[in-house]
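The values are calculated or read from the model by the stated rules, or taken from the named source; none is laboratory data. Note that the structure is predicted; figures quoted are calculated from it, not measured. Note that each Cβ is placed from the backbone with ideal geometry, even for glycine, and that neighbours are counted across all protein chains shown.
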């Protein structure tokens, strides 16, 4: 199963596009696979040309392409959504859904192997129109998410800690892969019930989550961008534990355990991340 873009991938893409397309006008839009569009494709084709890109933001696993008109082009790539910034003559990927031609720049393309992603064009102040936007939790990197806010929110959940980390209702932006890295960094067993973790453990987990994202993001961007071209598949060979089953733990040297359940791979070190039994 291909890796799902998480905060480091989307932060790298956000930063790249802010460098490359901010202030540039859209000249044409092609909507190729209608199923991913949650706004009528015709609206994109007819109203985006002539608008100008502003800041590109990110919230959870959404990229937010700001426009001079005040609207936002919102893309949730889900599992297999991939972005390109390539010459117009470059070969189209088989499942290219959206092509945005930009004056004086390469094309912005969005492809999606399983066409699971979602694309919205929302009016100014219209993010609440995106399903579950207001119901989900804060972004992990939101400055308003403090130690106290993290503790207050996580105490509402009673399941295993890895499952809680990947729940958008609790916090947005963490998926399966980086949850493994965060739990390894915090030295917490992934299947520990939240109720068995002390507040100090939970704060350590929060700190580890932000540390992992800060560590991974520049590594990801370096693998995605070559000579100013964004044309990538995720490379995660820098990860310390995720998908490293059987290899030595980089902290203690013990063999990393890997468990597959419900199509989700969990990797951890039984020595560094001991079970909490009471």
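Please go through the stretch 111-134 and pick out each residue that is in a strand (DSSP E or B) and in contact with a helix residue (DSSP H, G or I) (Cβ under 8 Å, 6 or more places away or on another chain). Steps first, please.
Going residue by residue through the stretch 111-134, those that are in a strand (DSSP E or B) are 111-112, 118-122.
Those that are in a strand (DSSP E or B) and in contact with a helix residue (DSSP H, G or I) (Cβ under 8 Å, 6 or more places away or on another chain): 112, 118, 119, 120, 121, 122.
Applying the set (1) surrounded by 14 or more Cβ atoms within 10 Å (Cβ to Cβ); (2) in contact (Cβ under 8 Å) with a residue 24 or more places away in the chain; (3) in the same structural domain as residue 203 (by TED's automatic domain parsing) to residue 159 leaves exactly one unmet item: (1). Only one of the numbered conditions (1) assigned by TED's automatic domain parsing to the domain that holds residue 21; (2) in contact with a helix residue (DSSP H, G or I) (Cβ under 7 Å, 6 or more places away or on another chain); (3) on the phi < 0 side of the Ramachandran plot is not met by residue 137, and that is (1).
Going through 209, 214, 198 one at a time, which residue ends up being modelled with pLDDT of 95 or more, in contact with a helix residue (DSSP H, G or I) (Cβ under 7 Å, 6 or more places away or on another chain) and in the same structural domain as residue 166 (by TED's automatic domain parsing)? Working first, answer last.
Working: 214 fails: in contact with a helix residue (DSSP H, G or I) (Cβ under 7 Å, 6 or more places away or on another chain); 198 fails: in contact with a helix residue (DSSP H, G or I) (Cβ under 7 Å, 6 or more places away or on another chain).
From the options 209, 214, 198, the qualifying one is 209.
Residues that are under 16 Å from residue 185 (Cβ atoms), buried (at least 16 other Cβ atoms within 10 Å of the Cβ) and either modelled with pLDDT under 85 or touching a strand residue (DSSP E or B) at 6+ places or on another chain (Cβ under 6 Å) (or both): does the stretch 218-239 have at least one? Checked against the condition, which is being under 16 Å from residue 185 (Cβ atoms), buried (at least 16 other Cβ atoms within 10 Å of the Cβ) and either modelled with pLDDT under 85 or touching a strand residue (DSSP E or B) at 6+ places or on another chain (Cβ under 6 Å) (or both), the stretch 218-239 yields at least one hit.
Any idea which residue in the stretch 168-203 is farthest from the chain's Cα centre (by Cα), counting only those that are in a loop (DSSP other than H, G, I, E, B) and within 18 Å of residue 146 (Cα to Cα)? Residue satisfying both the conditions and the ranking: 198. Residue selection: residue 66 satisfies the criterion of being in contact with a strand residue (DSSP E or B) (Cβ under 6 Å, 6 or more places away or on another chain), surrounded by fewer than 19 Cβ atoms within 10 Å (Cβ to Cβ), closer than 19 Å to residue 14 by Cβ and free of Cβ contacts under 8 Å to residues at least 24 places away in the same chain.
Per the listing 82, 38, 114, the residue uniquely surrounded by 19 or more Cβ atoms within 10 Å (Cβ to Cβ), within 19 Å of residue 5 (Cβ to Cβ) and in contact (Cβ under 8 Å) with a residue 24 or more places away in the chain is 82. Consider the stretch 130-156. How many of its residues are surrounded by 14 or more Cβ atoms within 10 Å (Cβ to Cβ) and either closer than 17 Å to residue 38 by Cα or touching a residue at least 12 places away in the same chain (Cβ under 8 Å) (or both)? Adding up the residues that qualify gives 12.
Pick from the stretch 1-23 the residues that are in a loop (DSSP other than H, G, I, E, B) and surrounded by 15 or more Cβ atoms within 10 Å (Cβ to Cβ): which of them is farthest from the chain's Cα centre (by Cα)? Steps first, answer last, please.
So in the stretch 1-23, the residues in a loop (DSSP other than H, G, I, E, B) come out as 1-6, 21-23.
Then drop every residue that is not surrounded by 15 or more Cβ atoms within 10 Å (Cβ to Cβ), which leaves 3-6, 21.
Details: 3: 10, 4: 7, 5: 4, 6: 2, 21: 20 Å.
It comes out as 21.
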